[in-house]
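All remarks here apply to the structure that follows.
Bear in mind that the values in this text are calculations on the coordinates, not laboratory data. Small disclaimer: the values here were computed from a predicted structure and weren't measured. Cβ placement follows ideal geometry from the backbone for every residue including glycine, while neighbour counts extend to all protein chains displayed.
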Amino acid sequence: MSFYSKTLEASYAKQIDRELRASHAGETGAVWIYRGAIFAEFILSFFNIMRSTGATKVFIQEHLKTEKQHLNLFETEMPLFRGSFILPLWVAAGFITGFVPRLLGKNWFFYTIYSVEKFVDTHYEKQCSKLVMQPNPPSNVINRFKRCQMDEQHHRDEAQSQIATKVTLPMKLWGRLVRVGSSAAVTIAKII
Ligand SMILES: [Fe+2]
Ligand SMILES: [Fe+2]
C-alpha cells in the first residue's frame, strides 16, 4: 500500500470516528432531553399546576425508550470510537432543552422536540451522504445511522402533530436557538 493510500485510509477512518462521536453525543443529549422533561413534569405536579399530561407522559416515556435504544446501539453495535471528552456538557444541554420548554408548557415542549428532530434528521442525512462517498462505505455505520434517522423522522412528525396552538414568535426564536445550538454542538463534538 502506498503512503498516499495509507494516509487516505487513515483520514477516512478519522472521518467515521468524528461522525460517530458527534452522533453519540447527540443521542446522549436526546436521552437527557426527556429526563429533563420528566423532571419538569415532577416539579409541575409538585406545585399542582400540570394540566392533562397523560398523552404527554406517554410521548415522553416512549421517546425516552427509543433514545435509550439509539444510545445503546452506538455503545454496543457500532465500531469502536472515541467518545466526546465533554459528554457532561451534552448531558446538561440536553437536560435544559427538555426541562425549560416543558416548564413553559406542552406546546413549547412539542415545538422544541420538533425543532431538535428536524435538525437531527437533516444531520443523519448529511452524515450518510458523506459516508457513502468513501471508497469503501462503512455500511455497518450507515445502516445504523439510517435506522436511527427513521425513528427521528417519526419523532419529528409526532411532535409536530401534537402542537395544539399557533407557533408564536418567541417559540420560533427558541426553535432557531435550539437548531443553531445543535449545529454548534455537532461541530464541537466532532473535535472534542
Ligand atoms: Fe435518537
Ligand atoms: Fe429522537
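Shape summary: the range 148-192 maps onto an equivalent ellipsoid whose semi-axes, from the alpha-carbon gyration tensor, are 24, 18, 4 Å in decreasing order. Highest GNM mean-square fluctuation among VAL167, VAL100, VAL31, for the chain modelled with Cα contacts below 10 Å: VAL167. Exposed loop trypsin sites (Lys or Arg not before Pro) only (DSSP loop, at most 14 other Cβ atoms within 10 Å): please give the longest stretch of the chain free of them, not including the sites. Longest site-free region, per DSSP loop and neighbour criteria: 83-165.
If only the Cβ of Lys and Arg carry +1 and only the Cβ of Asp and Glu carry -1, the dipole of the chain around its Cα centre is close to 400 debye.
Dimensions of the chain along the principal axes, based on C-alpha atoms and rounded to the nearest Å, stand at 68, 28, 24, largest first. Using bins of 10 Å that start at zero, the share of Cα-Cα pairs per bin across the range 24-126 amounts to 15, 46, 28, 9, 1, in whole %. Pairs spanning more than 23 Å between alpha-carbon atoms, out of LYS65/LYS118; LYS14/LYS118; LYS14/LYS65; LYS118/LYS166; LYS106/LYS146: LYS14/LYS118; LYS14/LYS65; LYS106/LYS146.
Mind checking which helices in the chain clear 18 Å along their axis (Cα) and have mean Kyte-Doolittle hydropathy of -1.0 or more, DSSP H runs only?
Helix filter hits for the chain: 3-46, 54-76, 87-104, 106-131, 169-191.
On the beta carbon distance between ASN48 and THR165, with R0 = 25 Å, the FRET formula returns roughly 0.65.
For a modelled paramagnetic label at ILE188, 7 Å from Cα along Cα-to-Cβ, the residues of the range 80-123 in reach, with backbone nitrogen under 17 Å, are 83-98.
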